[in-house]
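K.L.:
Below is the structure I would like to discuss, written out as structure tokens.
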Amino acid sequence: MTIAPSAAASAAEGLLASLDAEQRAAATLPDGPAQIIAPAGSGKTTTLIARLGVLLGRGVAADRIGVVTFNRDAAAELAARIASRLAPDVPGAEAIEVRTLHAMARQVLLDAGRPVRLLPDRLPLLRAARRRALAELPIVAHNEDPPPQPPDPSGLDILVSAWKVERRPPPPEAAAAVDAYATLLAIRGQVDFDDLLVDAVAALEADPQLRSRWQARFSHLCVDEFQDVDSAQLRLIQLLAAPEDNLIVVGDDDQTIYAWRLADVRRILGFKTIYPAARRVQLATNYRCPPAVVALSRRLIEHNAERFAKVIEPGGRTPADAIAMTAVAAFDSSAPGAEDALVGLAAEEAAAGRSVCFLARTRAELQPMLVTLTRAGVRHATSVPAPVRAEPVSRLVEAARELPPHLLPFDALLALRAGRGWRRSDGVETLGDDDHAALDALLGWSVGFRHLDRFLAAHDAALARLDSLRRPDALVELVTVHGAKGREWQTVVVLGMEEDRIPNRRALVDARDPARALEEERRLAYVALTRSTRTLVLAGDPARPSRFLVEMGLAGASARGRPRERPP
């Protein structure tokens with residue numbers, strides 16, 4: 001759609017007037033390949049919207065501009081920003097096409113005449129594939145070592161992606177399960193999300209007419225969060241941008257935290273290897289975080305070797321009452337009342353109208369805080385499922401309602417669990433580790449009741465209380481660090497700043513390259529630190545502080561009980 005150049009140019013000038021020098025340089029880049037390196041809090045989205053305004057001002061038709069994101073939420077946010085920032089002054093700007101890479105790949109396949117029946121969740125199918133592989137293992141004598149078993153479904157999930165996207169053969173113990181998964185998928189006539197990308201790339205490479213249609217679709221392509229691309233996504237981007245290569249990629253090497261999804265920091269670092277003529281602009285100001293947080297996070301991430309050398313300075317827009325922790329708020333996990341103290345802080349912040357987030361490396365590490373928030377009656381939001389809401393727990397409880405009310409709850413639930421083959425020792429792959437943990441918690445809770453009817457009444461009351469406290473609009477949130485990227489809160493509490501948790505021991509021990517895995521763990525910590533706009537609390541066991549605290553210059557600095565606040 002063609003837009004009046006004068007209106008678009010005027011709108012672009014208005015957007016550019018609010019940018020700093022680096023942002024303006026990024027937004028006004030000439031045609032051709034380029035990358036914008038955008039550290040945390042540096043105004044990435046604002047710069048990208050300004051860039052789109054500049055392209056419209058140069059006379060580029062809105063429907064010839066494509067913007068690629070990595071998830072639907074990001075696509076929806078960008079579309080909303082285009083509608084609110086560009087469309088009022090540039091009618092027709094909504095015609096800019098904003099899509100996820102997977103949605104783009106699906107459209108390519110449909111255009112190629114290939115129907116797409118997408119498997120929305122492959123974990124159940126992976127469990128079935130693992131059962132098949134286990135059933136085919138040879139029976140060995142008691143005095144012989146058992147053959148190696150395939151990994152659990154979550155481990156298989158990673159191996160299947162590596163096999164499909166990178167053509168990396170699975171290890172011998174997983175080969176049968178991976179083959180079984182492929183067979184089951186084919187029987188269903190479905191494809192998974194990896195297939196979407198790999199098949200779309202193959203279709204474009206094999207069909208010149210299809211490739212020509214899609215390359216003519218966009219004259220300019222913008223890619224957000226480029227540091228997260230895997231090899232298939234990168235190839236799809238290259239094909240769509242050719243032959244003009246009017247391609248701008250936006251991202252931050254220091255926020256590459258999805259290696260398990262096959263992202264590799266070397267792709268954003270090696271962009272100029274693919275496009276030798278590419279320009280690079282680095283945004284330099286963190287407008288989100290207080291100065292002390294900017295200094296701590298910069299000091300930490302500079303220990304990484306695989307990164308661009310960059311200047312990251314604090315902006316001048318932090319609130320006058322901004323507070324940053326210059327000492328670690330260390331809560332000893334063995335000390336009574338540790339979670340209560342943090343929940344008290346969160347309640348006070350929420351009462352003052354400030355947003356609060358508890359960040360942890362894993363979901364399991366958020367569970368104690370979830371329990372404490374619920375017990376204290378603090379409203380909160382989280383995507384972490386409550387064990388009492390797990391499907392196996394609900395099914396077991398519903399079955400228990402049919403039993404005599406005077407039975408001992410523990411005995412009754414244990415018998416029901418055994419009758420369904422849901423004990424851990426049964427090895428049923430329809431249940432995951434989280435399901436087993438939820439069932440264990442249910443049984444443990446039931447020990448405190450003498451009669452089944454009283455336990456069921458307490459269960460129903462707990463569900464009602466939980467539903468009243470879990471609110472999507474609550475000021476207090478609980479999020480994993482992976483789920484926090486791209487978001488911010490006024491007060492951030494990072495849980496587990498201690499050895500074996502941050503950095504995560506398993507991530508290092510299981511890594512093919514422990515040195516590179518440690519750098520990713522450091523990037524995860526950097527992402528966690530840079531979510532705060534006002535207050536940062538680092539919580540952990542002072543007896544075994546994280547090595548990252550040493551790298552930030554905080555070793556030995558601790559505060560028992562409530563966090564100490566010091567001005568930046």
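The values are calculated or read from the model by the stated rules, or taken from the named source; none is laboratory data. This structure is a prediction, so every number in the text was calculated from the model and none was measured. Heads up, the Cβs are rebuilt from the backbone with ideal geometry, glycines too, and the neighbour counts pull from every protein chain shown. Keep in mind that these areas ignore ligands, DNA and RNA; they rest on the heavy atoms of the full protein, side chains included. Shrake-Rupley method; radii C 1.70, N 1.55, O 1.52, S 1.80 Å.
K.L.:
Tell me, which residue of region 497-548 that is β-branched (Val, Ile, Thr) and part of a strand (DSSP E or B) is most open to solvent (accessible area, probe 1.4 Å)?
P.N.:
Here the answer is Thr533.
K.L.:
Can you tell me how many residues in region 183-200 are free of Cβ contacts under 8 Å to residues at least 40 places away in the same chain and surrounded by 15 or more Cβ atoms within 10 Å (Cβ to Cβ)?
P.N.:
The number of residues fulfilling the criteria is 3.
K.L.:
Surrounded by fewer than 15 Cβ atoms within 10 Å (Cβ to Cβ) and closer than 28 Å to Ala12 by Cβ: does that describe Gly59?
P.N.:
It is true that Gly59 is surrounded by fewer than 15 Cβ atoms within 10 Å (Cβ to Cβ) and closer than 28 Å to Ala12 by Cβ.
K.L.:
For residues in region 381-433 being surrounded by 13 or more Cβ atoms within 10 Å (Cβ to Cβ) and among the basic types (Lys, Arg), which is farthest from Cys357 (Cα to Cα)?
P.N.:
Out of the qualifying residues, it is Arg420.
K.L.:
How many residues are within 27 Å of Arg122 (Cβ to Cβ) and either open to solvent by less than 10 Å² (accessible area, probe 1.4 Å) or not in a helix (DSSP H, G or I) (or both) when one looks only at region 215-231?
P.N.:
Matching residues across region 215-231 total 7.
K.L.:
Further question: Can we say Pro39 is modelled with pLDDT of 95 or more, open to solvent by 10 Å² or more (accessible area, probe 1.4 Å) and part of a loop (DSSP other than H, G, I, E, B)?
P.N.:
So Pro39 fails the test.
K.L.:
For region 258-274, how many residues are more than 30 Å from Gly155 (Cβ to Cβ), open to solvent by 20 Å² or more (accessible area, probe 1.4 Å) and not charged (D, E, K, R)?
P.N.:
Looking only at region 258-274, we keep the residues that are more than 30 Å from Gly155 (Cβ to Cβ), and these are 271-274.
Remaining after also requiring open to solvent by 20 Å² or more (accessible area, probe 1.4 Å): 272-274.
Subsequent filtering for residues that are not charged (D, E, K, R) retains 273-274.
Of the residues in region 258-274, 2 are more than 30 Å from Gly155 (Cβ to Cβ), open to solvent by 20 Å² or more (accessible area, probe 1.4 Å) and not charged (D, E, K, R).
K.L.:
When only residues in region 445-496 that are basic (Lys, Arg) and open to solvent by 70 Å² or more (accessible area, probe 1.4 Å) count, which is farthest from Arg389 (Cα to Cα)?
P.N.:
Taking the candidates together, the pick is Arg487.
K.L.:
Let me ask something additional. Hey, any hits in region 240-257 for a residue that's within 30 Å of Leu134 (Cα to Cα), among the charged types (D, E, K, R) and either in a helix (DSSP H, G or I) or open to solvent by 20 Å² or more (accessible area, probe 1.4 Å) (or both)?
P.N.:
Looking through region 240-257, none of the residues is within 30 Å of Leu134 (Cα to Cα), among the charged types (D, E, K, R) and either in a helix (DSSP H, G or I) or open to solvent by 20 Å² or more (accessible area, probe 1.4 Å) (or both).
K.L.:
Going through Asp207, Asp152 one at a time, which residue ends up being of a type outside the set (Phe, Trp, Tyr), under 25 Å from Gln233 (Cβ atoms) and open to solvent by 40 Å² or more (accessible area, probe 1.4 Å)?
P.N.:
Just a single option satisfies the conditions, and that option is Asp207.
K.L.:
Same structure, new question: Which condition number in (1) at pLDDT 90 or above; (2) outside any helix (DSSP H, G or I) is the one that Leu396 fails?
P.N.:
(2)
K.L.:
Does region 72-83 contain at least one residue that is touching an Asp or Glu at 6+ places or on another chain (Cβ under 9 Å), aliphatic (A, V, I, L, M) and surrounded by fewer than 16 Cβ atoms within 10 Å (Cβ to Cβ)?
P.N.:
Yes, some residue in region 72-83 is touching an Asp or Glu at 6+ places or on another chain (Cβ under 9 Å), aliphatic (A, V, I, L, M) and surrounded by fewer than 16 Cβ atoms within 10 Å (Cβ to Cβ).
K.L.:
List the helices (runs of 4 or more DSSP H) that sit entirely inside region 75-182 and contain at least 2 residues that are free of Cβ contacts under 8 Å to residues at least 40 places away in the same chain and closer than 30 Å to Ala216 by Cα.
P.N.:
Hits in region 75-182: 101-111.
K.L.:
What residue, among those in region 334-380 that are open to solvent by less than 10 Å² (accessible area, probe 1.4 Å) and not in a helix (DSSP H, G or I), is farthest from Ala474 (Cα to Cα)?
P.N.:
Ala360
K.L.:
Could you list all residues from region 65-74 that are under 13 Å from the mean Cα position of the chain (by Cα) and either farther than 17 Å from Ala105 by Cα or outside any loop (DSSP other than H, G, I, E, B) (or both)?
P.N.:
Arg72, Asp73, Ala74
K.L.:
Given the condition closer than 22 Å to Ala376 by Cβ, among the β-branched types (Val, Ile, Thr) and under 32 Å from the mean Cα position of the chain (by Cα), answer yes or no: does some residue in region 427-438 qualify?
P.N.:
no
K.L.:
Any idea which of (1) under 20 Å from Asp230 (Cα atoms); (2) surrounded by fewer than 16 Cβ atoms within 10 Å (Cβ to Cβ); (3) touching a Pro at 6+ places or on another chain (Cβ under 7 Å) is the one Leu123 doesn't satisfy?
P.N.:
(1)
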